[in-house]
Amino acid sequence: MKKVISALLLSAMVLTFGGATFAKANGGSIDGSFNTYGGKGYLDGSAQAKYYHLTPGNVTANLTSYSGTGNMYLYLYEQTSGSGLNYYGVNTVNSTGAYRYKVGLDSYHYFLYATGSNNYTTYSFSGTMYDYYY
């Protein structure tokens, strides 16, 4: 009987604590490319319907690839009802790495907007958006 109870307790612990590793984080993949020829280039995630589900707190845009001369500026916005926007910050990007933001609402309408500092330059980047500090 003692072995049965021990086995049941062990099974319950594995299910309770082991199940947390299967939880999928909100966020999603990040990828984009744009050029600044004529000084007019930008990338608007909302125009491409590339939105992220994020919850209140800390989030990370983890870029695993980046190319471009000079700085790229990566903004995080939330599309609200109508044509409203909430601004959650900007990061100056000049290499791969973790770029952090803090958001205030649970929403499926967060998007990235990117601009570049140099004219006649192509910027490309990819990575993952995490719903926590990476």
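Every number in this text was worked out from the coordinates using simple rules, so none of it is lab data. Note that the structure is predicted; figures quoted are calculated from it, not measured. Ideal geometry is used to build each Cβ from the backbone, glycine not excepted, and the neighbour counts take in all protein chains shown.
Starting from the Cα gyration tensor of region 87-134, take the square roots of the eigenvalues, sort them a ≥ b ≥ c, and report rounded, prolate or oblate (rounded when a/c is under 1.5, otherwise prolate if a/b is larger than b/c, else oblate).
prolate
Can you sort K50, K40 so the residue with the fewest Cβ neighbours within 10 Å comes first? Can you show the working numbers first?
On the way: K50 18, K40 9.
By the 10 Å Cβ count, ascending: K40, K50.
Just rank L43, L85, fewest to most, by other beta-carbon atoms within 10 angstrom.
Listing L43, L85 from fewest to most nearby Cβ atoms yields L85, L43.
Assuming a ≥ b ≥ c are the square roots of the Cα gyration tensor eigenvalues, decide whether region 55-121 counts as rounded (a/c under 1.5), prolate (otherwise, with a/b larger than b/c) or oblate.
Judged from the Cα gyration tensor, region 55-121 comes out oblate (a/c at least 1.5, b/c at or above a/b).
Looking at Y108, N58, Y37, which one has the Cα that reaches farthest to the positive end of the dipole of region 25-130 (charges on Cβ: Lys, Arg +1; Asp, Glu -1)?
Y37
Provide the gained length on full extension for the span S83 to D106, in nm with one decimal, where the gain is 0.36 nm per separating residue minus the Cα-Cα distance. Mind dumping the intermediate values first?
Numbers: separation 23, 0.36 × 23 = 8.28 nm, distance 1.83 nm.
So the chain would gain 6.5 nm between S83 and D106.
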